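Note sheet for the following structure.
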Amino acid sequence: LLALGLLAAGTYGVMSFMVEQRTQELGIRVALGAQRTHLVWQVLRTGLTLSAVGIALGLVGLLGVSGVVQSLLFQAQSLSPAVMVVAAAGLLAVALTATGLPALRATRSDPVEVMRMK
């Protein structure tokens, strides 16, 4: 749970920073008539792509060190596909939430206010 909390905080921080950097761009797009849902999905797609790459690299790393972990822990199963799938799905759900909140916040801001900020 601690690792999941750190993942959520880190993902939220990185995605919030990324969306903050793009707030002016998103505001201009809204002012020009872009649909807010389209912009949210664009930000979500970027965040989920980064998260999926991180999860894939983590699974590859897990395959590499599974023998070491099994030798250190008493009665630990080396590779349980069910646990890996559930963990990956849980991490993607956390990444979706941590990415969606900044995206929704950015697209709900007033385009005139956003363009005046910088």
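The values are calculated or read from the model by the stated rules, or taken from the named source; none is laboratory data. Keep in mind it's a predicted model, so treat the numbers as computed, not measured. Virtual Cβ from ideal backbone geometry, glycine too; neighbours counted across all protein chains shown. Keep in mind that these areas ignore ligands, DNA and RNA; they rest on the heavy atoms of the full protein, side chains included. Shrake-Rupley method; radii C 1.70, N 1.55, O 1.52, S 1.80 Å.
Assorted remarks:
- Test result for residue 31, open to solvent by 50 Å² or more (accessible area, probe 1.4 Å) and either modelled with pLDDT of 85 or more or at positive phi (or both): no
- If you check 97, 11 for being in contact with a helix residue (DSSP H, G or I) (Cβ under 8 Å, 6 or more places away or on another chain) and crowded, with 17+ Cβ neighbours inside 10 Å, only one passes: 11.
- Residue selected from the stretch 1-60 under the condition part of a loop (DSSP other than H, G, I, E, B) and among the small types (Gly, Ala, Ser), by the criterion farthest from the chain's Cα centre (by Cα): 33
- Here the condition is being farther than 18 Å from residue 9 by Cα, among the hydrophobic types (A, V, I, L, M, F, W, C), in a helix (DSSP H, G or I) and in contact (Cβ under 8 Å) with a residue 40 or more places away in the chain; of 83, 69, 114, it holds for 114 alone.
- Only one of the listed residues (79, 73) is open to solvent by 30 Å² or more (accessible area, probe 1.4 Å), modelled with pLDDT under 80 and touching a helix residue (DSSP H, G or I) at 6+ places or on another chain (Cβ under 6 Å). That residue is 79.
- When the test is whether a residue is modelled with pLDDT under 85, part of a helix (DSSP H, G or I) and either surrounded by 13 or more Cβ atoms within 10 Å (Cβ to Cβ) or among the basic types (Lys, Arg) (or both), residue 106 passes it.
- The one condition in (1) touching a helix residue (DSSP H, G or I) at 6+ places or on another chain (Cβ under 7 Å); (2) at pLDDT 85 or above that residue 49 fails to fulfil: (1)
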